[in-house]
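For reference, the structure discussed in these notes is given below.
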Amino acid sequence: MENRLRNRRLDESEFLKMRAPFLAQWPTGREVDLDEAVEYQKNLPDSKNWHKVAVKLHEEGRTAIFPRAGTGLLEDQISLSRKLVESGVPFIPVTTDSYTRQLEFAKVDELLEEIRRSGRKLLNGFPIINYGVKQTRKIIESVDRGAFNPRLSLKSYPLATEISFAAGMTGIAASSFISWAAYEKNATLEQSMATNQYVHRLIGYYADRGVIISTDNHGWILTGMQPMTVNLATTIVDALMVAEQGGKSITSVVHLMGNMAQDLAWIRVAPRLMREYLDRFGYRDVSIAGVFAQHTPLFPMPQGMGGAFAFPNYTAMVAALGNVEAVSVRTIDEALGIPTEESHALTYESTNWLLNVIRAQKIDLTMKEIDEEAVVAEMEIRALVDKVLEIGDGDVIVGCLKAVEEGFLDSSFSPNKQVRDLVVGVKDCHGAIRWKEFGNLPFPEEVKKFHREKVSEREKAERRKMDYEVLVEDFWAFSKGQLIGRA
Amino acid sequence: MENRLRNRRLDESEFLKMRAPFLAQWPTGREVDLDEAVEYQKNLPDSKNWHKVAVKLHEEGRTAIFPRAGTGLLEDQISLSRKLVESGVPFIPVTTDSYTRQLEFAKVDELLEEIRRSGRKLLNGFPIINYGVKQTRKIIESVDRGAFNPRLSLKSYPLATEISFAAGMTGIAASSFISWAAYEKNATLEQSMATNQYVHRLIGYYADRGVIISTDNHGWILTGMQPMTVNLATTIVDALMVAEQGGKSITSVVHLMGNMAQDLAWIRVAPRLMREYLDRFGYRDVSIAGVFAQHTPLFPMPQGMGGAFAFPNYTAMVAALGNVEAVSVRTIDEALGIPTEESHALTYESTNWLLNVIRAQKIDLTMKEIDEEAVVAEMEIRALVDKVLEIGDGDVIVGCLKAVEEGFLDSSFSPNKQVRDLVVGVKDCHGAIRWKEFGNLPFPEEVKKFHREKVSEREKAERRKMDYEVLVEDFWAFSKGQLIGRA
Amino acid sequence: MANPTVITGTVGKDAHVIGTKILSRALREAGFNVIELGILTPPEEFIKAAVENNADAILMSSLYGMAENDVQGFKENCIKAGLNDVLLYIGGNLGVGKHDFRDDEIKFKKLGFDRVYPPASDVKTAIADLRADLKAKGKA
Amino acid sequence: MANPTVITGTVGKDAHVIGTKILSRALREAGFNVIELGILTPPEEFIKAAVENNADAILMSSLYGMAENDVQGFKENCIKAGLNDVLLYIGGNLGVGKHDFRDDEIKFKKLGFDRVYPPASDVKTAIADLRADLKAKGKA
Ligand code: B12
Ligand code: B12
């Protein structure tokens, strides 16, 4: 319990010293020259700056697409980026491959050779570190607009963000929870937080020099189905960490679970509470660039073409009704493998149609269910964040590390050994996600009662216990064109 | 002005005498034996009775698809019907071809020959009269569920409905306005009302013997874009005509125009006012089987696959949020020609996904815009129906005939010469349809003021007059993935 | 030179009115003298109207897929009626079901049409084509 | 006969956990003794666990598309470690991008796997297969 990491701004000199070993991880690290990079960033047009693009979308009342995409070779990544820009996508991801994510750069070089020789698809993403700053800039320069954002792993964060930002990328999912909770088995949250602190400080370095890089805060990415409040509480933790290191723009990410009222409630509550906690800690000059929605990646996809279109169209519809600035939708090929350029284009043609048509209506929905869900979500998020602050003595990092140990923050189906995994979620009669097991979550009794009632409502309606089988059925429901799992 | 048709129940003996000339139009007319037909109908399972299927959907809180489909050969029509049933469609259309619609049965025989010989697709629908009762029953018997509904023209109504009902079909779009307003140039409304009266009386004959055939009342199908209130007022006229002749089940059809709030308002107002007028005239035993939505067929379709899916998916989404019993969606091949079986299946796979997922949530939307639109729609519909009753001295038929002459009922882009065509519609800033020209519509000043304000709001926002060019742009907007036409 | 006269309408048993209305209006705004026959117009009526009005072109619409059948022998009947020089355009959705537009074009050109337009084609282009074709004939 | 012992986990650099969790749980409920290795499991660890636990089968998952590379020489290393008789199953999403599952099956069978399962395959079927295969070996 001693000597733990704290949420305190790193001195610049201290930070600059930390950089050397990361930059030495692979020869391309030498290409990073921070001063030159700041200049490069300053010369980018507004349409390539994540924060500015998000703010503009907000002003115009539009919802854009933020895809997931990455491919092995530079020329393919360029072609993919162009295709995305042509499809009207303003946010361009550069998803890295799984070897880069494990720092196996020599292996990547080998595979790149092999790909060039045989044409076989051996990398499931773009190996940004092997390519380095100069090569990666070619991607950014290949289009006349589009704000880029690399998708990384815990281990690769420091070097890969150094290279990405120097190459002109302006957004990054710099969350301590994202990798740790969804991608790692043995890594500890403390390691993850330390790594993220470095990245946040790098963002702060740019910010001090007038370059705004936005963090899309995903929080604790869930692998099981459960209410999003643990996730949303941790996006607030992310925000407080970023802000402390000097980051000035935060993109609030809200994962959807499929019930409209609940999803829309989360979309409303998340940025409001994030703003409140940022202000409470004095980070009034940190802005929330926008709200980004995505269907939590839990759901497998039906493989019929009709259902394949229905799923992203539904996500788009909910996002549009939520008036968010962007949404990540799964492509129509999602279940089959990494989508082709064509399926990206087709998917966004479809979802953009809906986003445009719905947003043009300037809809402001009221549903008593949204309000009800919002009240519950707010109580849960506050209970979680306040508990973290309480046991951390006001320090979110210290608090989180303890909270995970205690199971005050928890999730089901976790791949990470540190996680208690005492909670269980299940859908209710209307397809909203409820807590079936609370584990040690520090919720008020009132909240627990609400969930218990909803779960027992479904138990009664379906005359069966909400057991593991039901959970798996719920999980596959969307793949079968249903909201709620059926026996 | 003398001797006009009136909304009075035809005596049974009178009605039976009227049948002979119709049944003599083609040899297959001889296959109709009403007593045998009543027996045949009584033996159909509930899942083949339109009314019962609609009521069951209502009870279960589900929305189903009612497609448009028809093909030249019996075997193809059977295969199509089966495919539709397999896709989960409970309402099966039998769209007739354009020659049948003009009573050119000899020509149809010729073309059937030619099709069989050459395999070429020469008929754009199923020639139900040439096939006759026995052959057509094969379609109904080829599936184990599915309520059938023929799609006809004015001229073909009497003989074709005789054959359809005898063959076991249980729903029919028996509206005096549908053909007259959208399919005919020279036919008069009086002719159309007389023809429909016959069909309604035939339905009454079945009803007297315990067989419920439901009419889906489409009212005045619009060819131009304008608020749906003229259409909805005439569905009430349809209902009063059907009820007077003894029909016991009416399906309220609501055409959508694309703005959610406005569409949902129409969906709510239509059945409520229909019920009210039915009750006012004492037809308390006539039930409204359900509400069916469809995008008014005005809209051409984008041809890209993504947009092609987005359009029906959007329709499905609005229908589901409207909690209607069924929705007719355009297939993904709509713009290309008569859809293939496969594109029917793919389209309904997609729309059913959304219908299921959304209806499972039991959503009851409130939006102040819905309420606002509902108030305006109700005022307009009442003004129209009350005007018809006023000038018809309480008789809707007499009233309608006069109202059309005077332009109290009117529509733009009409193919029929009788229509005044003095009204013009245009979209407003939120994509709702407004009256730009009221012609002689008998609306209160308050309503007119509302529309004028909305039109001038858009004029100001776009700094241009809402002229014919804008109208055409509005018309093509959906094809371009937009709600509102853009210069 | 006087404004050229054109005949519009939807041929045969087809009742689709919107396309021909928009086309007619656009032609009128472009300065043509438009005789608008509307929907459900038998081929003979197009010929009759063209003869009576000394028309320079016939712009026929058909959406319902059965045009091929409706216009069999139309060109020959035009010639019989003395309309040797009238331009024949047809547009809309000219076949039943999903099919390749290029096949329509070949088919209807064989039937004597000078130009054939696919579904949802832009009227402005068509009007420009018409102007060019009339000019080539020394008519505009 | 004792309950058969099986090893589960996601191989290589793959972090997809949900499939292997569901599979493990289902195997346990079906009476198997399950050693659950979780995600990011190097091939050697599968072998080590199989040797230590005297396993009857290894049920490997891979979703991220790079399994082919991860399991090169796996069968040979099993044999080297004395695992001549252990059943090798693999399932998930075994190639990168949209591709034909039948190619995966051929490929992975060549690599020494006894059964290969496509994405989203039903665990019940797999368990039935496993029972049958074990029975054939006189193990269940
Ligand atoms: C959830 C998810 C994630 C989550 C995973 C969370 C976690 N830790 O589990 C997150 C967001 C972290 C993630 C990350 C990535 N993912 Co991912 N992910 C998915 C998604 C949406 C669902 C996978 C899933 O959980 N399915 C549900 C489970 C229950 O099904 P299942 O795994 O198929 O298992 C069932 C059966 O297959 C069977 N089964 C499984 N294994 C075995 C083994 C045997 C022996 C047997 C008999 C049966 C069996 O039993 C299970 C129960 O029925 C899929 C897309 C999709 N819709 O399938 C993509 C997908 C698998 N991911 C993909 C990729 C590329 C990645 C990333 C590399 C990059 C990215 N896109 O973000 C990273 C990889 C990180 C890493 N190091 O591995 C690709 C794989 C591409 C390919 N093969 O061509 C997919 C297909 C998405 C796509 N189209 O791009 N992903
Ligand atoms: C609206 C509509 C209707 C309305 C028509 C109302 C009316 N009276 O106009 C109603 C509901 C009544 C209807 C009925 C039928 N329809 Co309809 N209808 C449509 C729809 C949705 C839009 C057509 C339209 O108005 N487009 C908008 C206008 C502006 O575009 P346009 O006509 O293409 O015209 C433009 C250009 O093509 C060009 N143009 C047109 N003509 C010409 C001519 C020349 C010379 C030039 C230069 C240019 C030109 O200029 C116009 C302006 O840009 C289409 C599907 C679609 N999305 O296209 C089906 C469609 C045309 N209908 C079809 C069918 C089969 C029918 C019916 C037989 C049965 C049915 N499905 O209901 C009946 C036919 C009745 C009859 N006797 O003709 C099919 C035709 C199938 C085929 N060809 O394979 C279509 C394609 C639908 C489908 N996929 O099944 N229909």
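When the range B:88-119 is filtered for residues that are outside any helix (DSSP H, G or I) and within 13 Å of ligand 2 (Cβ to nearest atom), the ones remaining, listed by number, are B:Pro93, B:Val94, B:Thr95, B:Thr96, B:Asp97, B:Ser98, B:Tyr99, B:Leu103, B:Glu104. Apart from one condition, A:Val376 fits all of (1) in a loop (DSSP other than H, G, I, E, B); (2) touching a Phe, Trp or Tyr at 6+ places or on another chain (Cβ under 8 Å); (3) farther than 26 Å from D:Ala15 by Cα; the exception is (1). Set side by side, the residues A:Thr71, A:Thr100 differ, and just one is within 16 Å of ligand 1 (Cβ to nearest atom), at pLDDT below 95 and closer than 22 Å to A:Val327 by Cα, which is A:Thr71.
There is at least one residue in the range B:53-76 that is more than 20 Å from B:Ser214 (Cβ to Cβ) and of a type in the set (D, E, K, R). Surrounded by fewer than 22 Cβ atoms within 10 Å (Cβ to Cβ), at pLDDT below 95, within 14 Å of another protein chain (Cβ to nearest Cβ) and more than 16 Å from ligand 1 (Cβ to nearest atom): does that describe C:Glu45? Against the criterion (surrounded by fewer than 22 Cβ atoms within 10 Å (Cβ to Cβ), at pLDDT below 95, within 14 Å of another protein chain (Cβ to nearest Cβ) and more than 16 Å from ligand 1 (Cβ to nearest atom)), C:Glu45 does not qualify. Every listed requirement among (1) modelled with pLDDT under 95; (2) surrounded by 12 or more Cβ atoms within 10 Å (Cβ to Cβ); (3) more than 19 Å from B:Val327 (Cα to Cα) is met by B:Glu36 save one, (1).
Residues to consider are B:Ala174, B:Ala147, B:Ala160, B:Ala182; find the one that is surrounded by 24 or more Cβ atoms within 10 Å (Cβ to Cβ) and at pLDDT below 95. Working first, answer last.
Working: B:Ala147 fails: at pLDDT below 95; B:Ala160 fails: at pLDDT below 95; B:Ala182 fails: surrounded by 24 or more Cβ atoms within 10 Å (Cβ to Cβ).
Of B:Ala174, B:Ala147, B:Ala160, B:Ala182, the one residue that is surrounded by 24 or more Cβ atoms within 10 Å (Cβ to Cβ) and at pLDDT below 95 is B:Ala174.
When restricted to residues that are of a type in the set (A, V, I, L, M) and either more than 12 Å from ligand 2 (Cβ to nearest atom) or at the interface with chain B (Cβ under 8 Å from one of its Cβ atoms) (or both), the range C:12-29 contains 4.
Among residues of the range A:202-233 being touching a Gly at 6+ places or on another chain (Cβ under 7 Å), buried (at least 24 other Cβ atoms within 10 Å of the Cβ) and not hydrophobic (A, V, I, L, M, F, W, C), the one that is farthest from A:Arg452 (Cα to Cα) is A:Ser214.
Among the residues of the range A:470-487, those identified as surrounded by 15 or more Cβ atoms within 10 Å (Cβ to Cβ) and without any contact (Cβ under 8 Å) to a residue 24 or more places away in the chain are A:Val472, A:Glu473, A:Gln482.
Here A:Ala265 fulfils each of the conditions (1) surrounded by 24 or more Cβ atoms within 10 Å (Cβ to Cβ); (2) closer than 23 Å to A:Thr366 by Cα; (3) away from every other protein chain (no Cβ under 14 Å); (4) among the hydrophobic types (A, V, I, L, M, F, W, C) apart from (3). What is the residue count in the range A:1-43 for residues that are free of Cβ contacts under 8 Å to residues at least 24 places away in the same chain, over 23 Å from A:Ile140 (Cα atoms) and among the acidic types (Asp, Glu)? Number of matching residues: 3.
Of the numbered criteria (1) over 14 Å from the mean Cα position of the chain (by Cα); (2) within 13 Å of ligand 2 (Cβ to nearest atom); (3) away from every other protein chain (no Cβ under 12 Å), the one C:Asn77 fails is (2). Do we have D:Gly9 as away from ligand 2 (no atom under 16 Å from the Cβ), at pLDDT below 95 and crowded, with 23+ Cβ neighbours inside 10 Å here? Against the criterion (away from ligand 2 (no atom under 16 Å from the Cβ), at pLDDT below 95 and crowded, with 23+ Cβ neighbours inside 10 Å), D:Gly9 does not qualify.
With respect to the conditions (1) over 29 Å from B:Val398 (Cα atoms); (2) outside any loop (DSSP other than H, G, I, E, B); (3) touching a Leu at 6+ places or on another chain (Cβ under 8 Å), B:Ser192 falls short on a single one, namely (1).
Among the residues making up the range B:103-143, those that are at pLDDT 95 or above, among the polar types (S, T, N, Q) and under 18 Å from B:Tyr157 (Cα atoms) are B:Asn130, B:Thr136. Taken together, the criteria exclude B:Gly29 from residues that are within 16 Å of ligand 2 (Cβ to nearest atom), surrounded by 20 or more Cβ atoms within 10 Å (Cβ to Cβ) and small (Gly, Ala, Ser).
Taken over the range B:66-87, the criterion of being in contact (Cβ under 8 Å) with a residue 60 or more places away in the chain and not in a loop (DSSP other than H, G, I, E, B) is satisfied by B:Leu74, B:Gln77, B:Ile78, B:Ser79, B:Leu80, B:Ser81, B:Arg82, B:Lys83, B:Leu84, B:Val85, B:Glu86. The residue that is surrounded by the most Cβ atoms within 10 Å (Cβ to Cβ), counting only those in the range C:90-140 that are more than 13 Å from ligand 2 (Cβ to nearest atom) and under 13 Å from the mean Cα position of the chain (by Cα), is C:Leu111.
For residues that are more than 18 Å from D:Ala2 (Cα to Cα) and assigned to a helix (DSSP H, G or I), tally how many sit in the range D:115-140. Full working, then the answer.
Restricting attention to the range D:115-140, the residues satisfying the condition of being more than 18 Å from D:Ala2 (Cα to Cα) are D:115-126, D:129.
Next, from what is left, pick out any that are assigned to a helix (DSSP H, G or I): D:123-126, D:129.
Number of matching residues: 5.
Assess whether A:Glu469 counts as being in a helix (DSSP H, G or I) and either modelled with pLDDT of 95 or more or of a type in the set (S, T, N, Q) (or both). Outline the logic, then answer.
On the way: in a helix (DSSP H, G or I): yes; either modelled with pLDDT of 95 or more or of a type in the set (S, T, N, Q) (or both): no.
In short, no.
Within the range A:416-435, restricting attention to residues that are at the interface with another protein chain (Cβ under 10 Å from one of its Cβ atoms) and buried (at least 23 other Cβ atoms within 10 Å of the Cβ), the residue that is nearest to A:Ile370 (Cα to Cα) is A:Ala432. Among the residues making up the range B:441-466, those that are away from every other protein chain (no Cβ under 14 Å), among the hydrophobic types (A, V, I, L, M, F, W, C) and either in a helix (DSSP H, G or I) or without any contact (Cβ under 8 Å) to a residue 12 or more places away in the chain (or both) are B:Val447, B:Phe450, B:Val455.
Consider the range A:350-373 and keep the residues that are within 11 Å of A:Ala261 (Cβ to Cβ) and acidic (Asp, Glu). The one that is nearest to the other protein chains (Cβ to nearest Cβ) is A:Glu369. Identify the single condition in (1) surrounded by fewer than 19 Cβ atoms within 10 Å (Cβ to Cβ); (2) within 15 Å of the chain's Cα centre (by Cα); (3) of a type in the set (A, V, I, L, M) that D:Ala26 does not satisfy, given that it satisfies every other one. Result: D:Ala26 passes all but (1). Taking each residue of the range D:1-29 that is within 19 Å of D:Leu94 (Cα to Cα) and looking for partners that are polar (S, T, N, Q) and more than 9 Å from ligand 1 (Cβ to nearest atom) with beta-carbon atoms closer than 6 Å, six or more apart or interchain, yields D:Thr8/D:Ser24; D:Gly9/D:Thr41; D:Val11/D:Thr41. If you check A:Phe438 against the conditions, is it in contact (Cβ under 8 Å) with a residue 12 or more places away in the chain, buried (at least 17 other Cβ atoms within 10 Å of the Cβ), within 25 Å of the chain's Cα centre (by Cα) and within 15 Å of ligand 1 (Cβ to nearest atom)? Against the criterion (in contact (Cβ under 8 Å) with a residue 12 or more places away in the chain, buried (at least 17 other Cβ atoms within 10 Å of the Cβ), within 25 Å of the chain's Cα centre (by Cα) and within 15 Å of ligand 1 (Cβ to nearest atom)), A:Phe438 does not qualify.
Listed conditions (1) of a type in the set (Gly, Ala, Ser); (2) farther than 25 Å from A:Leu336 by Cβ; (3) away from chain D (no Cβ under 14 Å) are all met by A:Ser81, apart from (2).
The values are calculated or read from the model by the stated rules, or taken from the named source; none is laboratory data. On a predicted model such as this, the values are computed, not experimentally measured, just so you know. Neighbour counts are summed over all protein chains in view; Cβ atoms, including those assigned to glycine, are modelled from backbone coordinates with ideal geometry.
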